[in-house]
Each structure stands twice: as structure tokens, then as C-alpha cells.
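Right, I'll just put the structure down here and ask away after.
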Amino acid sequence: MGRTVRRDEIAGNLTAVRARIDAACAAAGRDGAGVTLIAVTKTYPASDVDHLAALGVTDMGENRDQEAAPKAAAVTAPVRWHYIGQLQRNKARSVVGYADVVHSVDSLRLAEALGTAVSKLRDRPLEVLMQISIDGDPHRGGVPADGVAALADSIAALPGLVLRGVMAVAPQDLAPEDAFARLAGVAARLRAEHPGADLISAGMSGDLEAAIAHGATHVRVGGALLGMRAPLR
Ligand SMILES: *Cc1c(COP(=O)(O)O)cnc(C)c1O
């Protein structure tokens, strides 16, 4: 597909997604400036990141280090990279090389690995969100609600990391409204102890309205912007 055709396609999708975000903010009585759109560019090439950046999108999300590291290196536009996928500790050094925010911290061991990598490899701290398991199912990653307070205290004490809030993916078997309402409760309890941890990363192409209704500050949208995911060429 030609570059102009692709950019027009992404521009049209972006207009539609921004309209959905604006409508959801209006319905919730929220200021649209309080919701940041993260374009999830996984499986799509660096050229799509360039299109998004040219169209005014400043925040990009990736979920695999093997794909994200070379893509981030190939992109020259000044975008912010959000690492949103499950992360193994042996990838911490690579991820801190390009990520501005890691959304998927769900254990102290991972947080420590990131903190150590930051202190060795960069001179600015790494912003982190704790990934919350809404239904307590350990398989998909995420810390269960009853483990959040202790993990938050530990992360806040680590040099190199700044605890910024929570992230979640709505479980398949739960209505997004219910899932994001629970996440909002977790987020409120966290904020009471850590006032700077005020970000809520929630909502994807299919459920961003429900997330915004329940206070999401960051929505992570892939398919609705870039189309059905195909293998990276
Ligand atoms: C892929 C992905 C998204 C984007 O999902 P879409 O349905 O394509 O909008 C959001 N969050 C995470 C953690 C993802 O892995």
C-alpha cells in the first residue's frame, strides 16, 4: 500500500477513535484532555508509527521487546513508548533503553530488575504502572487486588522507578463496566496512599467507552487505529 493511502487510512481511523474518546468523555462529564490515547503499534511497522506521529499521536504502545526494541530504534519522531505486555526480567535492560512507561509491573522481582537496569543504563527514572488482575486469575499476569498495597509500597521505595498508577485488561468473562469499576476502586485506594500514582491505563478498541466512564487516563488502542493485526512484514 502506498504511503499516502496508508496515512489517509490511519487518519480516518484516528478521527473516528478520537470522536469515540470525546463522546465517552462528554458522557462521563470529563475533560477530554484527561485521556491520553496510546496507539498500540504491535505487529505494525515503524512506518505506521511515523504516520501516527505525523498525525499528532505522541504515545505508542508495544507488548513484545523483540519487536519493540528495533521499532523504537527505527523511529526518529519524538514519541513516548509504553511497554504494555508481559515482561520477563531478562528483558528489563532492553526495555529501559527505550520505554518511557512500563504498564505491566506485577511483581517485586520485576520491579527490582527494572530499577537496577535504570540505575545502570539511564539517567532519568522509569515510570511504572502496576498491572492489576481484576479477577485474580494468575495466568494472564497482574497482581491481585489484595497484593496491590504491598507491591506499591515496595515499588515506591525503589530508586530509579516512579510509581504512576495501575493498568488492567478486562477479563473475557466479565462485563467491561464491572471490570473497570473494580479497577477504579483499586486505583482510588492506591491514590490514598500514593497521591502521585494517579494514572489508570484501561480500555482498548472494544471497550474504551467503559474504561473512560470509570476514570481511565490512558486508553490503549490498536485495531481500531491500524486495522486487523497481520504479521509484521
Ligand atoms: C494489543 C493490546 C491492546 C490493544 O488492543 P486492541 O483491541 O487492538 O485495541 C491493548 N492493551 C494490551 C495490553 C494489548 O496487548
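The values are calculated or read from the model by the stated rules, or taken from the named source; none is laboratory data. Since this is a predicted model, take the numbers as computed values, not measurements. Here Cβ is always computed from backbone atoms with ideal geometry, including for glycine, and neighbour counts include all displayed protein chains. Ligands, DNA and RNA are stripped out before the accessible areas are found, and what is left, the full protein with its side chains, is counted by its heavy atoms. Shrake-Rupley method; radii C 1.70, N 1.55, O 1.52, S 1.80 Å.
Right, residue 33: open to solvent by 70 Å² or more (accessible area, probe 1.4 Å), touching a Phe, Trp or Tyr at 6+ places or on another chain (Cβ under 9 Å) and in a helix (DSSP H, G or I) or not?
So residue 33 fails the test.
So residue 201 clears everything in (1) among the hydroxyl-bearing types (Ser, Thr, Tyr); (2) more than 13 Å from the ligand (Cβ to nearest atom); (3) closer than 18 Å to residue 135 by Cα except one condition, right? Which one?
Against the list (1) among the hydroxyl-bearing types (Ser, Thr, Tyr); (2) more than 13 Å from the ligand (Cβ to nearest atom); (3) closer than 18 Å to residue 135 by Cα, residue 201 comes up short only on (2).
Can you tell which of 227, 215, 185 is of a type in the set (Gly, Ala, Ser) and touching a strand residue (DSSP E or B) at 6+ places or on another chain (Cβ under 8 Å)?
Only one candidate passes the filter, namely 215.
Residue-wise test of (1) at pLDDT 95 or above; (2) crowded, with 16+ Cβ neighbours inside 10 Å; (3) assigned to a helix (DSSP H, G or I).
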{"residue": "7", "(1), (2), (3)": "yes, yes, yes"}
{"residue": "12", "(1), (2), (3)": "yes, no, yes"}
{"residue": "24", "(1), (2), (3)": "yes, yes, yes"}
{"residue": "44", "(1), (2), (3)": "yes, yes, no"}
{"residue": "57", "(1), (2), (3)": "yes, yes, no"}
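Given the condition touching a Leu at 6+ places or on another chain (Cβ under 6 Å), assigned to a helix (DSSP H, G or I) and surrounded by fewer than 20 Cβ atoms within 10 Å (Cβ to Cβ), answer yes or no: does some residue in the stretch 155-171 qualify?
There is at least one residue in the stretch 155-171 that is touching a Leu at 6+ places or on another chain (Cβ under 6 Å), assigned to a helix (DSSP H, G or I) and surrounded by fewer than 20 Cβ atoms within 10 Å (Cβ to Cβ).
Further, regarding this structure: Within the stretch 1-60, which residues are of a type in the set (Val, Ile, Thr), closer than 23 Å to residue 217 by Cα and under 19 Å from the mean Cα position of the chain (by Cα)?
Residues satisfying the conditions are 17, 21, 35, 36, 38, 40, 41, 49, 57, 58.
For residue 144, which of the numbered conditions (1) within 16 Å of the ligand (Cβ to nearest atom); (2) within 19 Å of residue 88 (Cα to Cα); (3) surrounded by fewer than 17 Cβ atoms within 10 Å (Cβ to Cβ) fails to hold?
Only one criterion in (1) within 16 Å of the ligand (Cβ to nearest atom); (2) within 19 Å of residue 88 (Cα to Cα); (3) surrounded by fewer than 17 Cβ atoms within 10 Å (Cβ to Cβ) is unmet by residue 144, namely (1).
With respect to residue 191, is the statement that it is of a type in the set (Lys, Arg) and more than 16 Å from the ligand (Cβ to nearest atom) true? Quick ask: steps written out before the conclusion?
Numbers: of a type in the set (Lys, Arg): yes; more than 16 Å from the ligand (Cβ to nearest atom): yes.
For residue 191, the condition - of a type in the set (Lys, Arg) and more than 16 Å from the ligand (Cβ to nearest atom) - is met.
Just the residues that are more than 30 Å from residue 174 (Cα to Cα) and in a loop (DSSP other than H, G, I, E, B), please, taken from the stretch 94-151.
If the condition is that a residue be more than 30 Å from residue 174 (Cα to Cα) and in a loop (DSSP other than H, G, I, E, B), then 96, 97, 98, 99, 100, 122, 123, 124, 125 are the ones that fit.
Now for a different question. Give the stretch 206-230 a look and list any residue that's touching a residue at least 60 places away in the same chain (Cβ under 8 Å), within 13 Å of the ligand (Cβ to nearest atom), in a loop (DSSP other than H, G, I, E, B) and open to solvent by less than 30 Å² (accessible area, probe 1.4 Å), or say none.
Listed by number, the residues that qualify are 216, 222, 227.
Going by the structure shown, is residue 85 in contact (Cβ under 8 Å) with a residue 12 or more places away in the chain and touching a Cys at 6+ places or on another chain (Cβ under 8 Å)? If you could, list the steps in order and put the result at the bottom.
Working: in contact (Cβ under 8 Å) with a residue 12 or more places away in the chain: yes; touching a Cys at 6+ places or on another chain (Cβ under 8 Å): no.
No, not satisfied.
Where residues in the stretch 84-105 are closer than 14 Å to residue 166 by Cα and open to solvent by less than 10 Å² (accessible area, probe 1.4 Å), which of them is nearest to the ligand (Cβ to nearest atom)?
85
Still on this structure, please answer the following. Return yes or no: is residue 78 more than 16 Å from the ligand (Cβ to nearest atom), open to solvent by 70 Å² or more (accessible area, probe 1.4 Å) and within 29 Å of residue 141 (Cα to Cα)?
On the way: more than 16 Å from the ligand (Cβ to nearest atom): yes; open to solvent by 70 Å² or more (accessible area, probe 1.4 Å): yes; within 29 Å of residue 141 (Cα to Cα): no.
Spelling it out, it is not the case that residue 78 is more than 16 Å from the ligand (Cβ to nearest atom), open to solvent by 70 Å² or more (accessible area, probe 1.4 Å) and within 29 Å of residue 141 (Cα to Cα).
Hey, another quick one. Kindly evaluate residue 116 against the criterion of being touching a Lys or Arg at 6+ places or on another chain (Cβ under 9 Å) and either closer than 30 Å to residue 184 by Cβ or open to solvent by 20 Å² or more (accessible area, probe 1.4 Å) (or both).
Yes: the conditions hold for residue 116.
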